[in-house]
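To start, the structure itself, in structure tokens.
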Amino acid sequence: MQTIIGADVQAAASILQQGQLVAIPTETVYGLAANALDEKAVVQIFEAKNRPRFNPLIIHVGSIAAIAQYAILSNLAQTLANALMPGAFTLLLPKLPIVPDLVTAGSPKVAVRMPNHALTLQLLQQLPFPLAAPSANVFGYVSPTTAQHVYDGLSGRISYILDGGACTVGVESTIVEVIHDAVVVHRVGGVSIEAIEAVIGTKVQLPAATHRPLTPGQLKSHYATTTPLIRGNVSALLDAFADKKVAIIGLNTYYDGLPKAQQYLLSANGSLAEAAQHLFKVMRLLDAKDYDVIIAEIFTDEGLGKAINDRLERAQVLHK
Ligand code: TXA
Ligand code: MG
């Protein structure tokens, strides 16, 4: 199959109408989309990504009003949707029967998001169905933030990549669920915890630190580079890997003891949001070079720093 990169929304719409896959841009990362109401279309997503069927998919809608066609919104969920959508924010909601079990992996809940990207909103608003879309990477690898990243991983497996430029947020959406009166965060992401708490006026419940499944077969990490990646005190790690060819991922300060050319700073002015925007691109770039080890700083645990730390933490699991 030949894979074309283009910016033709009509072409993307007609491929999706035929039950085929299209990679779509969002402000977080690129998604690999199919008609969420068509199981035969959705099954191709799992095949193209080598994604296990037990891992459910987010459905993407073109308006807040459309959510009620697929899920049940409590008052608090509706408040969150009104305040944070469109955006890097996903709500886990009780699903309506129209959503196929394949999309939710058999769960009675469906994850719903309205992305904030002009091209994709235009696409969603002209389709008579929502789009199921995981990140458009081969399962387990770093999520794509450009059309070229999608091409690098999935060329030959999909016919069209809708090119909407580089993603402006750069990390996946924050996933939350309303349980009774509490807002429980399942994944930290592009909308900060602080922003959610400002909407609800109380604290959210964060995922436990030991959230990862402990079954050995499931220890395969996410967001992982092929080159081993290790987080921690950079100076100490530089000493520990003194005999290796290392690169550093940091915020905006160079370290002593390594040429600057091997130090990749994500935001000159120290913005965690800008750092998040560049993180996956830099991880892919470093993975393509011949480093033995990638050393990552521990970022400030606030704002988008939480999502950066979470992704880097998961990226290193494979190599422990
Ligand atoms: O920013 C994003 O969320 C991107 C863009 C493309 O929208 N999508 C994304 O999808 O990151 P994915 O599939 O790579 O990650 C979605 C996460 C998975 O960890 C999945 O297990 C969880 O959401 N999820 C989806 N549906 C769920 C459900 N019904 N119950 C629990 N978790 C769910
Ligand atoms: Mg993913």
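Of the residues GLU47, GLU39, the single one that is at pLDDT 95 or above and within 15 Å of ligand 1 (Cβ to nearest atom) is GLU47.
If you go through the range 153-175 and pick out every residue that is crowded, with 19+ Cβ neighbours inside 10 Å and touching a Ser or Thr at 6+ places or on another chain (Cβ under 8 Å), you end up with 14. Against the criterion of being touching a residue at least 12 places away in the same chain (Cβ under 8 Å), within 16 Å of ligand 2 (Cβ to nearest atom), under 21 Å from GLY170 (Cβ atoms) and open to solvent by less than 10 Å² (accessible area, probe 1.4 Å), ALA111 does not qualify. Tell me, please, whether a residue that is within 17 Å of the chain's Cα centre (by Cα) and either surrounded by fewer than 20 Cβ atoms within 10 Å (Cβ to Cβ) or of a type in the set (D, E, K, R) (or both) can be found in the range 118-138. Yes. In this structure, does VAL150 turn out to be open to solvent by less than 10 Å² (accessible area, probe 1.4 Å), under 14 Å from the mean Cα position of the chain (by Cα) and within 16 Å of ligand 2 (Cβ to nearest atom)? Against the criterion (open to solvent by less than 10 Å² (accessible area, probe 1.4 Å), under 14 Å from the mean Cα position of the chain (by Cα) and within 16 Å of ligand 2 (Cβ to nearest atom)), VAL150 qualifies. Scanning the range 22-38 for residues that are small (Gly, Ala, Ser) and under 19 Å from GLY189 (Cβ atoms) turns up at least one hit.
Does any residue of the range 219-234 turn out to be farther than 18 Å from GLY140 by Cα, modelled with pLDDT under 95 and away from ligand 2 (no atom under 16 Å from the Cβ)? Looking for residues that are farther than 18 Å from GLY140 by Cα, modelled with pLDDT under 95 and away from ligand 2 (no atom under 16 Å from the Cβ), one finds none in the range 219-234, hence no. Elements of the type strands (runs of 3 or more DSSP E) sitting completely within the range 96-179 and holding at least 1 residues that are out of contact with any strand residue (DSSP E or B) (no Cβ under 7 Å at 6 or more places or on another chain): these cover 174-179.
The values are calculated or read from the model by the stated rules, or taken from the named source; none is laboratory data. On a predicted model such as this, the values are computed, not experimentally measured, just so you know. Methodologically, a virtual Cβ is constructed for each residue, glycine included, from the backbone with ideal geometry; neighbour enumeration extends over all protein chains shown. Accessible surface is based on the protein model in full, side chains and every heavy atom, while ligands, DNA and RNA are left aside. Shrake-Rupley method; radii C 1.70, N 1.55, O 1.52, S 1.80 Å.
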